[in-house]
C-alpha cells in the first residue's frame, strides 16, 4: 500500500524537531557588557528550561521546552565563541570596536552611535554591529574626518565630530 494513504498518528506533535538557529559566520566580538548580557540570557534560559521540564504532561510546555533548549544551545554557542574586546584598549582618537561616535551629515544633522557586537546591536538605541556598512565606513576615522556611508537608499557623507570609549 502506498504511504500516501496511511494516516499519521494524531497524538504526535506537528513539529518533532525545531531547526537550529543559524550562527553568524563572523567572529563574535563582544564588549564586556555584551558578554555579560549573553551570560544573563543563558541563565534565564536555564531557569526557564528547569521550570518547563517539570511539566512533562503538558504538550504545549513540551513544545516550548524544545524552543528553550534550542535557544539555549544557540546562546551557549555564542558565549563559547565570544571574543571580549576591551574598548578602552583602542587609541582614544580613532574609531574602533566599542567606540561611541558623534557625526554630522551633509545637512548638518547630528547623530551618535556605538559600534558593538552582533548580539548587542540595536539600531533604535544607536548601537550598530561592527560588521554593518556604517561601522565599516567609520572604523579608523578620526575627529574631523569625512567618511562615506554606503546605503541602499543612497550614499551619505558623515563628518566625525567626537569619539569616546565608555568604561563599562
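The values are calculated or read from the model by the stated rules, or taken from the named source; none is laboratory data. It should be emphasised that the depicted structure is a prediction, and the values quoted were computed from it without experimental measurement. Please note: Cβ atoms are built from the backbone with ideal geometry, for glycine as well, and neighbour counts cover all protein chains shown.
Of all residues in the range 87-135, those satisfying the criterion of being more than 20 Å from residue 159 (Cβ to Cβ) and crowded, with 17+ Cβ neighbours inside 10 Å are 87, 97, 98, 116, 117, 118, 119, 120, 121, 127, 129, 130.
Checking 144, 154 one by one, the residue that is in a loop (DSSP other than H, G, I, E, B), farther than 23 Å from residue 22 by Cα, free of Cβ contacts under 8 Å to residues at least 60 places away in the same chain and in contact with a strand residue (DSSP E or B) (Cβ under 7 Å, 6 or more places away or on another chain) is 144 and no other.
Checking the condition at pLDDT below 90 and within 19 Å of the chain's Cα centre (by Cα), which residue from 59, 32, 27, 22 passes?
22
Taken over the range 118-141, the criterion of being farther than 18 Å from residue 96 by Cβ, outside any helix (DSSP H, G or I) and without any contact (Cβ under 8 Å) to a residue 40 or more places away in the chain is satisfied by 122 alone.
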